[in-house]
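These notes are about the structure you will find just below.
Read-outs: derived from the displayed coordinates by stated rules, not from any lab. Just so you know, these numbers come straight off a predicted model, no measurement behind them. Glycine also receives a Cβ, built like all others from the backbone with ideal geometry; neighbour counts cover every protein chain displayed.
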């Protein structure tokens, strides 16, 4: 017997592929939802383009002066080079200490001098303004934000994927099997939720070291509990449904019943939970970066940008804070509104 | 949301009412300021952090101090009557304790006035070597005083330190005389007795509070601890049993307007003048800075460099702040920040020309100009040698081009010694063709991360691959100790202002603890040993210069900069002169309550 | 009831064991070495050895685990490794400030969120409803860090409505002077998610048959909303508040760091940075126990709020 037939015949109003199609149509009717979808797609496009090196691959180039002002402010802002330069006057002439009697490199001083003359050192023209301003090294905030979206989105998506996978798998096991398996997993759940989240994150960070993968793992390994709770409840509900009982009657195996039959019927819950986690993790990454547990130094994320910018508002250089904050807010808003719309579309009971 | 908008107004009124109530008892002279970081506690022998020590220095009195005015700094007696002269070629020092100095009252003294004696000074020194105290500054007297190490070793065995057994190294001659005998001559030994770690403590107090000595400091100094909320608020109040002092202007420079101001501020006053000092330890720099700017605090020491251009762009105080009477002092403290190369690492360590060439090239390629101008907002001077300004033995003429940022010379040097790209992947390799990857170790702070990013960028510019590894503080210590790094960010603040305190970091036999990158050069070690036996003299300075030359030629470090710190105070803070060694000298501070009230009314 | 309580309390034992094991593995076994931090700037091997012995971290792991277990059952975690303070003193002194911030925050937030949610549910589907929903979504999407930085700068410094930071010994001073800005920030951030959630609870109730019946009986909309909808929706709302209760005792380390509040959240961060294991252990275990007790309390309260809820 083919699967759709079973599901179509299943009473209880679980979403079927037909319902997915209806939900999709309902979603398309919601103009706000469509707009949000476009925003999310656009961000993903930017992320992919950045990952492929098509845009912002040169984000590290120092194209402006320190804290170059945003170009649109040029008329308002008195562009001065106050910070650059500082108080270094060390190129002044002086008699250098002679090291030649002790220097292991002394025998080749002449060669060294000759070769130095042949080395070209590129000098960069630094502009006073940049489209959305520059950071303290004179890097373009716009390019940095684009590059940052790559990392932040990757972290959010990958960590949410891991957390959802773990949560779904464990929830399915606990809900479906019950008994000892359930007891064991409930215990694990209780242990994880009894420890304050901050401590859990700090502990995992201490154990796992630093790096992109580490952050994804930290977030994924600590964030699965919510999904687990919901999926367990879903499986508890569904395993007694007639379509599952029917499948058992005709000898369908446990694995197929768990993941072939029940999972598709609960996938709307998974989808909603997944997008909620993406939002949560993008925000948590900021806090991790603030605590110095963020991505490596040669990588930029919105979190590291905001952590860098924490003192810049007082300095009057608000653009990095504003641009990174806004970039993040727009994406997170879009995902959240889209999630709402999805939930409504999938679960007609709510409006 | 609508409701919450109205909320601040109501609360503001309540807050104003509260402020008005506070001004009622304004006669008390109260000073408020912040620490940049948190304190640990106030048992002078058991702590090593800067901020606990700063508080201990106000509560306890070490035998010696540094004069308030003298620059370069100069030893002066404090709990001792005079600065001892070295005897027997610098291996015996005899302290005469000042008479009539009393500890502040405490229940441990059972209602008796308790005079300071030589016994208390001896007890404090022994405490540094009692294993139970885990004294982080135990090394001050380790391997120095005759018989003390033996006491320590026996205590390790028996679990009990025998304070009562007399030893030859610490001799209490009479009630007011303490004689210290060293295993070998040391002309810098006296500096140790300016530190709160050696400050006399009363044995009965220590024994009464046993495990709680951190919260019960009882000293002879101008202040005593009134309240303490750990890592939040430290309140000192004037010690009523303190003998009181007047300003000693012997070493003041009459040509220095700052000195003249301080002398005018404090003329004829019995010190201390402050009744109460409230200190707030704060990790975050934004609130610390803003608390000063809006007058919640009376002074700010070490303005966060990120905000320096908000108060003093280009090293000059903003006119708007000057109009408010705010005063600025800029001081280079005796400390160095540097990057340490692991001298035992098979790739980056070693003394052959090609290894020296690699390190020298890394030094030249590291963009120290940007580090100073951008990361430290111009608040630093390029460091030419391991001995910073303000330290005995500092040589302002010791300058050269080997610590410059000069990528062209770096590239030429690497090419010359075979550190070139062998396999065509765009990155330089070792001379034998093996790939070259630099492992850079740093801690997780924001500045450390930025500095690491700058290293990564600088190295990429000359084709060297560098992987920065940010780890938590304890892991950083672990990896440095185990030698699991190639370059590590480091800093050293002077314990005492003599060049030796810095040059000791590269002395071979000090490896691996003090000399933690394990630099071992025989010529250097011999110079160090000769200098250690000498009093301050031009001859010793010549040896110091030789050692600095070797440190530059062999490049065990990338010296980066000597930082300049800015300190600000409101006009009602009197007598404030930032000392390069002391964090604060609250004893010399005063507050003009009327001026403050007038300013706040405006 | 007695039997139920006994059983629930008994069930806490394995959870606590799990918490102990996890904390032990994460911090004791693989965490940083506190001896290196405590040894000072010239870390002599003999000194490090001495410190390890005094802290007991030179013992085999099972001995250390056993000591930990004993500590949990005697409620005596000894002294902080970094400051030598009694751990119980540390926690007790940090709890007050955390609660001073968190309790007003929770009360204010719940009150505001319930009121606003009810109003929005009342006008469900209207433009107002949609606008509020979008505004709350946007408000939720901005990072807490950004809020703190901007609010502190704006309200504390530029407008000077509140002190930039600070704390005192006096509860009243704290409540009227130092707590308002952090509390406001906390409310601002947590209001949006609760508002959305509570709205959905109200909508859930409105969808039920009894509401339709009540309306059909001719009850005014106002009466329906207040008498029936609000009352019935209170149960899920209380559950939600109950779930959030334990976090009351952790506090927000971000707020505590920026506003210099000597609370538990900052203590956690400090302790981890210093590998101050006794403090970490104590805070974790104490919070775990608290979480479990609060959950139990919520379940029991349910029973009284709604006798249909069976205690199982």
**Request:** Quick one: grab the alpha carbon gyration tensor of the stretch B:234-383, order the square roots of its eigenvalues as a ≥ b ≥ c, and give me rounded if a/c is under 1.5, else prolate or oblate depending on whether a/b is larger than b/c.
**Result:** prolate
**On Cα atoms only, tilt of C:2-23 relative to the major axis of chain C in degrees** = 50
**Normalised contact order of the stretch B:335-563, rounded percent, pairs of Cα under 8 Å and 6 or more residues apart** = 34
**Prompt:** Of the peptides B:306-315, A:148-157, how do they stack up when ordered by the mean number of other Cβ atoms within 10 Å, highest first?
**Reply:** A:148-157, B:306-315
**Prompt:** Mind checking the angle between helix A:225-238 and chain A's longest principal axis? C-alpha axes, 0 to 90 degrees, to the nearest 10.
**Reply:** 20
**Prompt:** Can you give the average number of partner chain beta-carbon atoms within 10 Å of each beta-carbon in peptide C:49-55, as a whole number?
**Reply:** 3
**Asked** By its C-alpha gyration tensor, with a ≥ b ≥ c as the square roots of the eigenvalues, how is chain C shaped: rounded for a/c under 1.5, else prolate for a/b larger than b/c, else oblate?
**Response** oblate
**Message:** For chain B, what does the helix formula give at 222 nm: sum of -39500 (n - 2.57) over DSSP H segments with n ≥ 4, over the residue count, nearest 500 deg cm²/dmol?
**Reply:** -9000 deg cm²/dmol
**Message:** Please compute, for the alpha-carbon atoms of the stretch C:2-74, the extent along each of the three principal axes and give them in descending order in Å.
**Reply:** 59, 19, 18
**Asked** How much mean residue ellipticity at 222 nm does chain C get from its helices, if each DSSP H run of length 4 or more adds -39500 (n - 2.57) and you divide by all residues, to the nearest 500 deg cm²/dmol?
**Response** -22000 deg cm²/dmol
**Fill in**
Each residue of B:405-411 has, on average, a number of other protein chain C-beta atoms within 10 Å of its C-beta equal to 4
**Message:** Ignoring solvent entirely, what values of log10 I(q)/I(0) come out of the Debye formula for the stretch B:32-74 at 0.30 Å⁻¹ when each Cα is a single scatterer?
**Reply:** -1.03
**Message:** If packing is taken as the average count of other Cβ atoms within 10 Å, what order do A:253-263, C:188-198 fall into, highest mean first?
**Reply:** C:188-198, A:253-263
**Prompt:** What angle, in degrees between 0 and 90 and rounded to the nearest 10, separates the Cα long axis of helix C:277-305 from the longest principal axis of the Cα atoms of chain C?
**Reply:** 30
**Message:** Can you tell me how the stretch B:50-184 classifies by the Cα gyration tensor, rounded, prolate or oblate, using a/c under 1.5 as the rounded cut?
**Reply:** rounded
**Message:** Using a 10 Å cut-off around each Cβ of peptide C:161-172, what is the average number of partner chain Cβ atoms that fall inside?
**Reply:** 5
**Request:** Using Cα pairs closer than 8 Å and at least 6 residues apart in sequence, work out the relative contact order for the stretch C:236-301, in percent.
**Result:** 34
**Request:** Return the single residue from A:290, A:281, A:94 with maximal mean-square fluctuation; model: Gaussian network over chain A, springs between Cα atoms under 10 Å.
**Result:** A:94
**Asked** In whole percent, what relative contact order does chain B give with Cα contacts below 8 Å and a gap of six or more residues?
**Response** 18
**Rg over Rh, two decimals, the protein assembly as shown (C-alpha only, Kirkwood Rh)** = 0.98
**Complete:** Mean projected area, convex hull of alpha-carbon positions in the stretch A:220-346, reported to one decimal in nm², is 10.3
